[in-house]
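Colleague: My structure is below; once you've seen it, I'll send some questions.
The values are calculated or read from the model by the stated rules, or taken from the named source; none is laboratory data. Every value quoted in this text rests on a predicted model; they were computed, and no experiment measured them. All Cβ positions, even for glycine, are placed from backbone atoms using ideal geometry, and neighbour counts span all protein chains on display.
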Amino acid sequence: MPDPQEDYFSAGLRHLRDAQALAGKSDNAAYLAGYVVECGLKRVIQFYDHARPYGHDVLGMQGRALAFAALMAPGAARYRIDLIPDLEQACQEWPSNLRYRRTSDLDGATAKRLMAVADAFFERLFLPLVLDGEETRLR
């Protein structure tokens, strides 16, 4: 059972704000950007499968989220996270253990790509969830 205190929407927004604030620190910004993607994917999955925890397997969740969106509820297809440029590549480049790597181990281009994907998740998923009434806050 998932933890009832987990709020993927709120956590994703927090990680996005923090990643944007740390944009000049590529390692930390990229690390937090990966969590924006993870939280967004978990939020999509949460529409259909409330009981299964997924850990940090963002690449595996990406496929599951898209399959759920396509098969389970036509309304979820509206978010079209599959159209986010570089999503699969970003998922492959973001290991959850990035926090333990040597400082400046991540190149700037990868960090920028992860940030761009996180920003795209906000535009394609987080903001539309509010506009659709699925979420009521953007804080």
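Colleague: Across segment 19-28, what is the total count of residues that are within 15 Å of A120 (Cβ to Cβ) and either surrounded by fewer than 22 Cβ atoms within 10 Å (Cβ to Cβ) or touching a His at 6+ places or on another chain (Cβ under 8 Å) (or both)?
Modeller: Of the residues in segment 19-28, the ones within 15 Å of A120 (Cβ to Cβ) are 19-20.
Now restrict to residues that are either surrounded by fewer than 22 Cβ atoms within 10 Å (Cβ to Cβ) or touching a His at 6+ places or on another chain (Cβ under 8 Å) (or both): 20.
Final tally of qualifying residues: 1.
Colleague: Taking interchain pairs and intrachain pairs at least six residues apart, which have beta carbon atoms under 7 angstrom, with the first residue in segment 4-30 and within 16 Å of V117 (Cβ to Cβ) and the second β-branched (V, I, T) and modelled with pLDDT of 95 or more?
Modeller: Sorted first by the residue in segment 4-30, then by its partner, the list stays empty.
Colleague: A further question on this structure: Residues V117, V58, V37: which one is at pLDDT below 80 and either crowded, with 21+ Cβ neighbours inside 10 Å or among the polar types (S, T, N, Q) (or both)?
Modeller: V58
Colleague: I've got another one for you. What are the residues in segment 86-139 that are of a type in the set (K, R) and either more than 16 Å from A11 (Cβ to Cβ) or part of a helix (DSSP H, G or I) (or both), if any?
Modeller: The initial filter retains those residues of segment 86-139 that are of a type in the set (K, R), namely 99, 101-102, 112-113, 124, 137, 139.
If the condition is that a residue be of a type in the set (K, R) and either more than 16 Å from A11 (Cβ to Cβ) or part of a helix (DSSP H, G or I) (or both), then R99, R101, R102, K112, R113, R124 are the ones that fit.
Colleague: Inspect segment 74-82 for any residue being closer than 16 Å to S26 by Cα, of a type in the set (K, R) and in contact with a helix residue (DSSP H, G or I) (Cβ under 7 Å, 6 or more places away or on another chain) and give the result as yes or no.
Modeller: At the first step, the residues of segment 74-82 found to be closer than 16 Å to S26 by Cα are none.
The answer is no; no qualifying residue exists.
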